[in-house]
Structure formats: C-alpha cells, structure tokens
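Please read the structure below before turning to the comments.
The values are calculated or read from the model by the stated rules, or taken from the named source; none is laboratory data. Values in this document were obtained by computation on a predicted structure and should not be read as measured data. Positions of Cβ are generated from backbone atoms using ideal geometry, with glycine treated the same way; all protein chains shown enter the neighbour counts. These accessible areas exclude ligands, DNA and RNA; they are computed on the full protein's heavy atoms, side chains included. Shrake-Rupley method; radii C 1.70, N 1.55, O 1.52, S 1.80 Å.
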Amino acid sequence: MGDLRIGGIASGFDTEQIVRDLMRIEQLKADRLYQERQVLEWKKEDFRAVINKIRAFRDTYFDLLNPESNLLSPATLKRRLISSSDTGLVTVTAGSDAAVGEIDLKIIQSAAAARAASAGGVTAIRSSEVITEPVVVTGEGEKNVINVTLNGKTKEITVAASEEGKSLDVLCGELQDELDAAFGEGRITVNDDGGRLSFDTEYDSDLLTLVSKAPPGKGSILSELGIENGAANRLLLSDDLETVSAKLTNGPLSFVEGENGNEYLTFKINGVSITVEKSNTLGGLLEEINGSGAGVHAEYNSFGDILSITALEMGSSKISVDESGSNFFKAFGIDVKEEAGDGNGTGYIGEAGREALFSINGIAASRPGNIFTIDGITYNIREEILKAAEGEADTSRTVKISVALDIEGIAENIEKFVEDYNELLGEINTKLGEEVFRDFSPLTAEQKEGMKEKEIELWEEKARSGSLRRESSLESMLWEMRNVLYKEVEGLHLFDIGLMTSNDYREQGKLVFKDGGSALRAALAEDPDKVAALFTKRADIDYSPDLTAEQRRERTEESGLAHRLSDILNDYIRTTRDKDGKKGILLEKAGIEGDLSEFRNHFNREIDEIDKRIDRMNMAFLRKEEQYYRQFTAMEKALQQLYAQSDWLLAQLGQLQSQ
C-alpha cells in the first residue's frame, strides 16, 4: 500500500497533479526505453519468422528425411517409372540405379518357409480313466442330463438310469442316438477310445462343450463317466501342460523327472534345447519355443484346433527334431519323418522350405525369399508357384517388366523447387524493402487507453513495418544464394536446362523457365545423369563451419547446386556450433524456439540490457517522485509557519491599536 498524502492544506495547491505533471517528463524517458524494447521484440519475432521459412525450405529440399524431394540425393533426380504386366503375381519397385529397358521375368517357383502343422484337430473330450466295469447310472432328474453345446447351439441329452450298469458299447450307442437326434447324424460321434468314452466332431473347427445340468457338488453323469464338467474340445493358453496332455487325442506328452523331483517337458528343435516345467502353461511353452533361438515360430490355432510351427526364414531348410521332439510333435498330430534332417536331430517335421527360382532375360537365378533386389529393381513374388515335377506340365509364369526414366516427375520436382525458392526470395525481399513509418512509434500503455482495438492494430502495423529493412545478414545470404546458382557444375549451367533470372528487376533475382520447362525435359531425356549432377554432385570435402577459405572454395567448385545452397543455409541457420562456439548467423542474432539460442541471442542480450536500464530508471523515478513530495511538504510547512507568524503579528497590531 502506498503512502497516504494530503497536500495543499496550507498552499491550496493540487500537489498530486503537480507532481504527476512534473513526473511526466521523467515518464517520457521510460516510455522511450519501453518503445525501444518493443522494437527489438518485433525485430526478433520477424527474424524468427524468416528463419522458420528458411528452415522449412531447407528441410524440404536438403534433408535425407524427405527422400521424395531431397535434391542432395541423386536418387531424387534419377527416379524411375516401373511397371509389371501382372501385379497380382509380381510387384516391382525401381531405385535410381535401375537400368532403363524391358525385362522378361520368369517365375519357376516361389519361396516358402519350412512349416509343419497338425493333421487335424488335436483335442477331444474323453474320460480321464479307462472304463473297465459296466457304468451304473443311478442318478435321476438333472443329474442324468448333459447340456451339449455345438458351435453355440445347446441341446439337453439325458442318459437313462440303469441299476444293473451299462457296458461302454451300450453307453456309446445310447449317447450316439441322442446326439444324432439333437444335432443330426454324424455331427458328434461317441467312440470307445481304448476303453475311454470319447466325443469327436465332424469338423475340426467345431467347438463342443459338455456341461452337467445338475448344480456343482450334487453329482452328475459326467463325473460318473470321468469327464470334467465344462469340458471342451479346445486347448487354452492358460492350461497347464498336464491338462494339455490329458486333452490331446494323440497324447499323452512325455515328461521326465528332473534332479529336483519336478517333471519337465524337454526336446530339441533345430538342435536347440527347449525345457519347460510340467506346471507351466501352453502359452508359456509356445513363448519358450519362439524365444529359444531355434529359428521357428509356434502357435496354437483355436479355430482349427491345430498346432503349427513355421521357420522364421524362407529357403530350402527343414525343421529338425530329436527323439523327444518327435514324441512331442506326434502328440500334437504332426507327422515326424524319420530321416536325418540337417544333422541336428533324428528327423524332421512338416514340409521343407524352398527357394524362389526364376530367370531374368533368360538368366537363371534363385533367392531364399520372395522379395529380392537385383540391379536396382526390387521384386516381390505375391503368389504361390510350385515347380513342376519332371514329366508334368510347365507351371512357370512370365511377367513383362518395363523401366523408364520418370522425366515428368523429375521435372515437376525441379519446378516445385524453383517455385519455393522464388517464394522464399520474394518473402525475404519484401521484408528487406518494407517501408519504415518513422512517425509511428510503438504505443505506450497510456496511449492505448484512449484508442479502439482496430486503431491500435492499424497503428502497430505501421510501427512494426520495416523492422528488417536493409538487414545486412539477410541481404548477404540472398546474395550468396544467387551467386552460387549462376556458377557452372561440370560445364553445365542453369540456363542449359532452361532456367534464367527474370528480366523484371522487380523480381529481384527470381528464377524463371524461359520456355515453360520444355528445355528442362529435353535435357533430362538427353542426359539425365548430367542434369542430376548439376544439382546433386558431391564434393570430396564434407561440409563444416570450420573449413578454411581455400577448403570452402574447393568444396563449392566441386559441389552441385543443391549442396552449395545447403551449405549457405547451414551457415545461417544451423543449430550446431563451430569451433568458436557459434551457431548459424541468424540464430546467433535472433534464435529459434526449441533451441538454446531461443534465450541466448543478440536481441535477447539487448533486451536484457534495456530491462536493466528500465529497472534503474524506475528506481530513479521513485526517488525523484519522493524528492518532489518532500519539497512540497517542506513548502507546506514553511507556509504554515509564515501564516502562523502573520497571525501573531496581526494579533499584536490589534492589541496596540486597542490601547
């Protein structure tokens, strides 16, 4: 809270107003500093706007992250057009080094990875124990009812009671009749599987579940048959291996006892040992196989109820297994061929992989996969082609591949570069030539109070105009850019491809195509490599801000136009430092957001200095104001004393006159 002052009691003066009027002179000094600070802020912002435009231009045409428009790369200006006569069979892409011409590609055989899969569904619902005695069906009501669900359709199946007991054959026959009536003949089959009651479905993809209608704990026909309530003909990834073993039609799995007394499943694939504890899950087993380094991927498909294992790489290889592996895969319905696979096991499973066989213009070749690159062209065989056996009809297929120079695409790329280059020049030249309105200074807070928002906007537009007028660093950059573009590269100039400087002086160095681009396209058709070199030729000396003048001269002479322009832009807007700790010229001046230069730059240092001057002036302002108030206070006291003395004298005179 400020001091409470009551002035003018003796003098009758409006002390507050007088002090404000006196301080207005001091305030003018502070206002000038605030205005100077605002001008610097505007200059910094306008500089950064220009820097961002330069960065956008550089990142578009001189950055590896933009391969489609990167003029530093020969590939951009040697782009190929390529087509396949049968994209359903083979797709193709061409690099810049692909030879122009026609190619006859004959596909004899597509590549495939070695793969093995269960011959059919691997699980079935069956009794946990062998049934040796007649089954006595003593339950009644819900205890003898089974809810059978096939692919989401549920029917109740009732087992007739029998005190004498039923043989397994009789029980199978009764259940079969009930199931045929409920779901149709042959949809679910009940079998005597070595003394166990087994439920199978017509299709491997059929999903079957058996649930007792009796509440849990009340006893049911399923428990009497040794079948788990809720049993299903599917494996769950969360099933432990003991449960998995019990569900397998071709099981059980063979476990071995370890030194710690626990049981383990252990086998080899491609010579790599896989060991998992019996208490582990099916999901854990698959993860162990896939992460073992055996070069295979195993998965369980619940839809088809099959286990599949596929080699990670294509080519003529086999998936080999040892004796324990043979037992494991046989339990999952995968046939094991008792041959010496690749020397790492006792046999192999499934089908061996195969290489892609083909010929290019009559030259036979093979590759381990269906995607391969030859002479700059990448081929992708998309259909399965099997090599015909001896004596069979030829199954090979031929595709015509056409490769041509993408003249129109390259020309459009160069034209877009010229367009953006001209736009950048135009924007910078506009700022360099912007008129300065010296009668319009930045508005003070007091001045804004008496103006409307639109008036303030129009005023500041005038006040800000010309912030970069004749800015030497920008003028130097533009001069360097124009200068390097007019120098030849391996005897070729820009005007040789139809580019020249505009004759209109108001265009200030902009490039124009003198014949609408036809000369450019003609040059590309005649010698595309020479046109590419004009822009992309690389010097033996790499760019560095610390190159000597001689090294810089050599690099410029050896480089294509794109590298020359890139060097200049890096000199002005690079974020890396040179040996003296300096960044790009424009960044040292104004900085950019997201970089340390945002806070450490020429303008910020000047603004910080003005802020210090403003702080000192504000302190002096307060001292001056206090001085004025002290002086007026002293005057008031003197006037009060004067008035008191005057009153005393008048009183004395009055007394003398009365005598």
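Looking at the range 338-348, can you tell me whether even one residue there is surrounded by 19 or more Cβ atoms within 10 Å (Cβ to Cβ) and either at pLDDT 95 or above or among the polar types (S, T, N, Q) (or both)? No, because not a single residue in the range 338-348 is surrounded by 19 or more Cβ atoms within 10 Å (Cβ to Cβ) and either at pLDDT 95 or above or among the polar types (S, T, N, Q) (or both). Taken over the range 289-328, the criterion of being in a strand (DSSP E or B) and of a type in the set (A, V, I, L, M) is satisfied by V296, A298, I306, L307, I309, A311, L312, M314, I319, V321.
Consider the range 39-93. How many of its residues are part of a helix (DSSP H, G or I), of a type in the set (S, T, Y) and open to solvent by 20 Å² or more (accessible area, probe 1.4 Å)? Of the residues in the range 39-93, 1 are part of a helix (DSSP H, G or I), of a type in the set (S, T, Y) and open to solvent by 20 Å² or more (accessible area, probe 1.4 Å). For the range 100-116, filtered to residues that are touching a Gly at 6+ places or on another chain (Cβ under 9 Å) and of a type in the set (A, V, I, L, M), the residue that is surrounded by the most Cβ atoms within 10 Å (Cβ to Cβ) is A114. For the range 28-38, the tally of residues that are in contact (Cβ under 8 Å) with a residue 40 or more places away in the chain and either within 39 Å of the chain's Cα centre (by Cα) or open to solvent by 60 Å² or more (accessible area, probe 1.4 Å) (or both) stands at 5. Of the residues A638, A590, A562, the single one that is free of Cβ contacts under 8 Å to residues at least 24 places away in the same chain, of a type in the set (A, V, I, L, M, F, W, C) and open to solvent by less than 100 Å² (accessible area, probe 1.4 Å) is A638. Taking D97, is it under 30 Å from V399 (Cα atoms), surrounded by fewer than 16 Cβ atoms within 10 Å (Cβ to Cβ) and out of contact with any strand residue (DSSP E or B) (no Cβ under 8 Å at 6 or more places or on another chain)? Here the answer is yes, as D97 does meet what is asked. When the range 349-378 is filtered for residues that are hydrophobic (A, V, I, L, M, F, W, C) and at pLDDT 95 or above, the ones remaining, listed by number, are A356, L357, F358, I360, I363, A364, A365, I371, F372, I374, I377. On the stretch given as the range 290-317, residues that are open to solvent by less than 30 Å² (accessible area, probe 1.4 Å), closer than 16 Å to V122 by Cβ and hydrophobic (A, V, I, L, M, F, W, C) total 3. Pairing residues of the range 114-128 that are farther than 30 Å from N370 by Cα and in a loop (DSSP other than H, G, I, E, B) with residues that are among the hydroxyl-bearing types (S, T, Y) and open to solvent by less than 10 Å² (accessible area, probe 1.4 Å), at Cβ distances under 7 Å and at least 6 apart in sequence or on separate chains, gives A124/S198.
Under the condition of being out of contact with any Lys or Arg (no Cβ under 8 Å at 6 or more places or on another chain) and open to solvent by 80 Å² or more (accessible area, probe 1.4 Å), the residues counted in the range 394-430 number 7. Has the range 195-207 got at least one residue that is under 30 Å from N262 (Cα atoms), open to solvent by 30 Å² or more (accessible area, probe 1.4 Å) and modelled with pLDDT under 90? Yes: the range 195-207 contains one or more residues that are under 30 Å from N262 (Cα atoms), open to solvent by 30 Å² or more (accessible area, probe 1.4 Å) and modelled with pLDDT under 90.
If only residues of the range 181-194 that are charged (D, E, K, R) and free of Cβ contacts under 8 Å to residues at least 40 places away in the same chain are counted, the one that is surrounded by the most Cβ atoms within 10 Å (Cβ to Cβ) is R187. Consider the range 431-444. How many of its residues are surrounded by fewer than 17 Cβ atoms within 10 Å (Cβ to Cβ) and either among the hydrophobic types (A, V, I, L, M, F, W, C) or touching a residue at least 60 places away in the same chain (Cβ under 8 Å) (or both)? Number of matching residues: 4.
Please pick out the residue among E156, E178, E142 that is modelled with pLDDT of 90 or more, in a helix (DSSP H, G or I) and open to solvent by 60 Å² or more (accessible area, probe 1.4 Å). Within the list E156, E178, E142, the selection yields E178.
Screening the range 466-585 for helices (runs of 4 or more DSSP H) wholly inside it with 3 or more residues that are farther than 24 Å from R79 by Cβ returns the ranges 472-485, 549-558, 561-573. Just checking, does the range 61-74 include any residue being closer than 30 Å to S467 by Cα and in contact (Cβ under 8 Å) with a residue 40 or more places away in the chain? Checking the range 61-74: at least one residue is closer than 30 Å to S467 by Cα and in contact (Cβ under 8 Å) with a residue 40 or more places away in the chain. Selection of strands (runs of 3 or more DSSP E) fully inside the range 329-441 by the criterion of at least 1 residues being closer than 30 Å to Q38 by Cα returns nothing. Is it the case, given these coordinates, that D611 is in contact with a Lys or Arg (Cβ under 8 Å, 6 or more places away or on another chain), assigned to a helix (DSSP H, G or I) and touching a residue at least 40 places away in the same chain (Cβ under 8 Å)? When the stated conditions are applied, D611 passes them. Applying a threshold of 9 Å to beta carbon distances and a minimum spacing of six or more residues, or different chains, the list of pairs starting in the range 293-308 at a residue that is of a type in the set (F, W, Y) and ending at one that is open to solvent by 60 Å² or more (accessible area, probe 1.4 Å) and part of a loop (DSSP other than H, G, I, E, B) reads Y300/L237; F303/D204; F303/L207. Just one of the listed residues (T501, T548, T556) is farther than 30 Å from A404 by Cβ and under 38 Å from the mean Cα position of the chain (by Cα), namely T556. Residues of the range 445-475 that are of a type in the set (G, A, S), modelled with pLDDT of 90 or more and exposed (fewer than 13 other Cβ atoms within 10 Å of the Cβ): S472 alone. Here S279 meets the list (1) open to solvent by 40 Å² or more (accessible area, probe 1.4 Å); (2) touching a Pro at 6+ places or on another chain (Cβ under 6 Å) almost entirely, failing just condition (2).
A quick yes/no check of all residues on (1) touching an Asp or Glu at 6+ places or on another chain (Cβ under 6 Å); (2) under 29 Å from L587 (Cβ atoms); (3) in contact (Cβ under 8 Å) with a residue 12 or more places away in the chain:
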site: E455; (1), (2), (3): no, no, no
site: S467; (1), (2), (3): yes, yes, yes
site: L474; (1), (2), (3): no, yes, yes
site: L478; (1), (2), (3): no, yes, yes
site: N483; (1), (2), (3): no, yes, no
site: G491; (1), (2), (3): no, no, no
site: L494; (1), (2), (3): no, no, yes
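Residue count for the range 72-93, restricted to those that are closer than 16 Å to E408 by Cα and hydrophobic (A, V, I, L, M, F, W, C): 4. For the range 218-247, a residue qualifies if it is basic (K, R) and either at pLDDT 90 or above or assigned to a strand (DSSP E or B) (or both), and the qualifying residues are R234, K247. For the range 585-614, filtered to residues that are of a type in the set (A, V, I, L, M) and touching a Phe, Trp or Tyr at 6+ places or on another chain (Cβ under 9 Å), the residue that is nearest to R48 (Cα to Cα) is A590.
Which of the residues spanning the range 510-537 are open to solvent by 20 Å² or more (accessible area, probe 1.4 Å) and touching a Ser or Thr at 6+ places or on another chain (Cβ under 8 Å)? Selection gives K510, V512, K537.
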